[in-house]
Amino acid sequence: MTKSTALVPVVGAGAAAAMIFNILPVFLGAAAESFDLGESAAGWLATTYLAGFGLSSVSAALWLHRLGRKTLALVLFVAAALLLMLASTLQAYAAVVGVLFAAGLVLGGLYTFSFMLAAEHADATRAVGVKLGGEVVLGALLLAIIPTVIYPAFGFSGLLATLAIVLLAISPSVRWLSAGALPMGSETTRASAGPKLLRAACVLGALFLFTVGQASVWSFVERAGAKAGFEAGAIGGVLSAAVLLGGVGSFLAGALSDRWGKVLPLLIAGSLYLAAMALFTFGTQYWAYALAINLFFFAWLFALPYFISVVASADESGRATSLVTACLAFGSMLGPAVAGELITLGGFPLLYLSGAACSCVAYACAVAMAGR
C-alpha cells in the first residue's frame, strides 16, 4: 500500500465524521426553521450532538483497539448511517435530539479513528493537513447542495437522510486500511514523557479555547446573514466558498509543513482572524460579510494543523496527541451553546468580541509554546 492510498481511509473517515460540524450553520438553520427554535435552543441542539461526539472521543482509546481496523471502521460507518436515517423518520423534537446524541457518540469514535490513522503516517503534519482539507471539501459540497436542493425539497428529514447516504457512499474507503487493530502506544514511551506534560497541557488548553472561539462564531454565521437580510442562496454560496477556501488553507499548511516554522504561520492566521472579526462587527454590506467568512475559515483551517503539531512536539509520548480529538469535540460542543447565550444577551457584536478574546489568548499560548 502506497503512502497516497494510505491517506484514502484517513480522509474518508475524517470527512464523514466531521460533516455535520462542517455544515453546522445550515444544519442549525434548518433545524431552527423545522422545529421553530430560537438561537439559544438551536445552540443547545448542536451542543447535545457534540456532547456525544466528545464523550466518545474521550473514551475511544479504551475500545478502538478491540476490533480489527476494517471491521471497526465499517461498523462505525454503518451504525452512524442507520442512526441518521432513523432520525429522519422521527417527528418529535426530543426523539430527534436523542438520536443525534447517539449519532454523535458513533461519529466521535470515527473521528478519533481518523486522527489515529493520520498519526501513523510518515509525515503526520502533512497527513493532518490533507485530512482536514478533505473534510472541508466534502463540507463545501454539502453546503452547496443542501440549502439549494435538499432542504427546500425534502426539509430537515431529507437533510438527515442525505447525510446517511453520504456515510454509506464513503464507507468503501475502508478497503484501503491495513490489517490489524490500532496500536495504543508503549508503556516505556509513556513513562519517559513526564517533564513535558505541563507544556502539552498548556497547548491542549489553548487548542480547546481556540476551538470554542471558532465554533461559537461558525455555528451562527448563517443566522447572522439571515438577520442582516441577505438571501438564503447568497448565504449558502458564500458558506460553500468559505469552506473550500478553508480546505485550501489546510492543504497549504500540509504543503508548507514546518518550512516556515510554526510561529510565523500562527501569527499570519491570527492576523487574518482579527481582520475577519472586524469585518463581521463593523461591516454591513454583503461583500464585507462574505469576505469575513472567507478570511475566518481560511485562518481557522490554516492554523489548526500547526496547533496540533505544537501539541505533538510538546509531548513525544503521544498521550497529548490522543487528546486532540477530545479538545476539538468539547470545544465544538461548548461553542454553539455559548454563542446562543451571548447572542441572546448582547447580539452578534458580543459574540464576535468574545470569540476574538478566546482566540487571541489561544494564539498567544500556542505561539509561546512553539517559540520554545
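The values are calculated or read from the model by the stated rules, or taken from the named source; none is laboratory data. Note that the coordinates shown come from a computational prediction; the quantities given were computed from them, not determined experimentally. Cβ coordinates were reconstructed from backbone atoms using ideal geometry, including for glycine residues, and neighbour counts include every protein chain displayed. Note: accessible area is taken over every heavy atom of the protein model, side chains too, but ligands, DNA and RNA are not part of it. Shrake-Rupley method; radii C 1.70, N 1.55, O 1.52, S 1.80 Å.
At a glance:
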{"item": "Filtered residues of the stretch 39-59 (kept if of a type in the set (Val, Ile, Thr) and out of contact with any helix residue (DSSP H, G or I) (no Cβ under 8 Å at 6 or more places or on another chain))", "result": "none"}
{"item": "Filter result for LEU86 (more than 15 Å from ALA16 (Cβ to Cβ), open to solvent by 60 Å² or more (accessible area, probe 1.4 Å) and either in a helix (DSSP H, G or I) or in contact with a helix residue (DSSP H, G or I) (Cβ under 8 Å, 6 or more places away or on another chain) (or both))", "result": "yes"}
{"item": "Filtered residue count, the stretch 98-131, keeping only those that are within 14 Å of the chain's Cα centre (by Cα) and part of a loop (DSSP other than H, G, I, E, B)", "result": "0"}
{"item": "Search result, residues across the stretch 6-37 that are farther than 27 Å from PHE298 by Cβ and either within 18 Å of the chain's Cα centre (by Cα) or open to solvent by 40 Å² or more (accessible area, probe 1.4 Å) (or both)", "result": "GLU33, SER34, PHE35, ASP36"}
{"item": "Single condition LEU345 does not satisfy, out of (1) among the aliphatic types (A, V, I, L, M); (2) over 22 Å from the mean Cα position of the chain (by Cα); (3) surrounded by 23 or more Cβ atoms within 10 Å (Cβ to Cβ)", "result": "(3)"}
{"item": "Candidate set from the stretch 224-256 (those that are open to solvent by less than 20 Å² (accessible area, probe 1.4 Å) and of a type outside the set (A, V, I, L, M)); member that is farthest from the chain's Cα centre (by Cα)", "result": "GLY225"}
{"item": "Matching residues in the stretch 46-72 - criterion: being part of a loop (DSSP other than H, G, I, E, B) and within 22 Å of the chain's Cα centre (by Cα)", "result": "LEU64"}
{"item": "Identity of the residue in the stretch 38-54, open to solvent by 20 Å² or more (accessible area, probe 1.4 Å) and out of contact with any Phe, Trp or Tyr (no Cβ under 9 Å at 6 or more places or on another chain), that ends up farthest from VAL338 (Cα to Cα)", "result": "GLY38"}
{"item": "Complete set of residues in the stretch 148-178 that are hydroxyl-bearing (Ser, Thr, Tyr) and either touching a Lys or Arg at 6+ places or on another chain (Cβ under 9 Å) or not in a helix (DSSP H, G or I) (or both)", "result": "SER178"}
{"item": "The lone exception for VAL324 - which of (1) farther than 27 Å from TYR111 by Cβ; (2) in contact with a Phe, Trp or Tyr (Cβ under 9 Å, 6 or more places away or on another chain) it fails", "result": "(1)"}
{"item": "For GLY283: the one exception among (1) free of Cβ contacts under 8 Å to residues at least 24 places away in the same chain; (2) more than 27 Å from LEU252 (Cβ to Cβ)", "result": "(2)"}
{"item": "Hey, VAL75 without any contact (Cβ under 8 Å) to a residue 40 or more places away in the chain and more than 25 Å from SER219 (Cβ to Cβ) or not", "result": "yes"}
{"item": "Top-ranked residue of the stretch 348-360 - restricted to ones that are touching a helix residue (DSSP H, G or I) at 6+ places or on another chain (Cβ under 6 Å) and over 17 Å from LEU301 (Cα atoms), ranked as surrounded by the most Cβ atoms within 10 Å (Cβ to Cβ)", "result": "LEU351"}
{"item": "Test result for ALA299, open to solvent by less than 20 Å² (accessible area, probe 1.4 Å) and touching a residue at least 60 places away in the same chain (Cβ under 8 Å)", "result": "no"}
{"item": "Which numbered condition GLY134 fails, given (1) over 30 Å from VAL310 (Cβ atoms); (2) of a type in the set (Gly, Ala, Ser); (3) under 20 Å from the mean Cα position of the chain (by Cα); (4) modelled with pLDDT under 95", "result": "(1)"}
{"item": "Residue within the stretch 167-183 that is in contact with a Gly (Cβ under 7 Å, 6 or more places away or on another chain) and at pLDDT 90 or above present", "result": "yes"}
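Table: residues versus (1) at pLDDT below 95; (2) of a type in the set (A, V, I, L, M, F, W, C); (3) closer than 22 Å to THR47 by Cβ; (4) open to solvent by less than 10 Å² (accessible area, probe 1.4 Å).
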site	(1), (2), (3), (4)
VAL99	no, yes, yes, no
LEU105	yes, yes, yes, no
GLY109	yes, no, yes, yes
SER114	yes, no, no, yes
ALA118	yes, yes, no, yes
ALA124	yes, yes, no, no
VAL128	yes, yes, no, no
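Here is a yes/no grid of residues against (1) in contact (Cβ under 8 Å) with a residue 40 or more places away in the chain; (2) part of a helix (DSSP H, G or I); (3) of a type in the set (S, T, N, Q):
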site: GLY261; (1), (2), (3): yes, no, no
site: PRO265; (1), (2), (3): yes, yes, no
site: ALA269; (1), (2), (3): yes, yes, no
site: ALA278; (1), (2), (3): no, yes, no
site: GLY331; (1), (2), (3): yes, yes, no
site: LEU351; (1), (2), (3): yes, yes, no
site: SER354; (1), (2), (3): yes, yes, yes
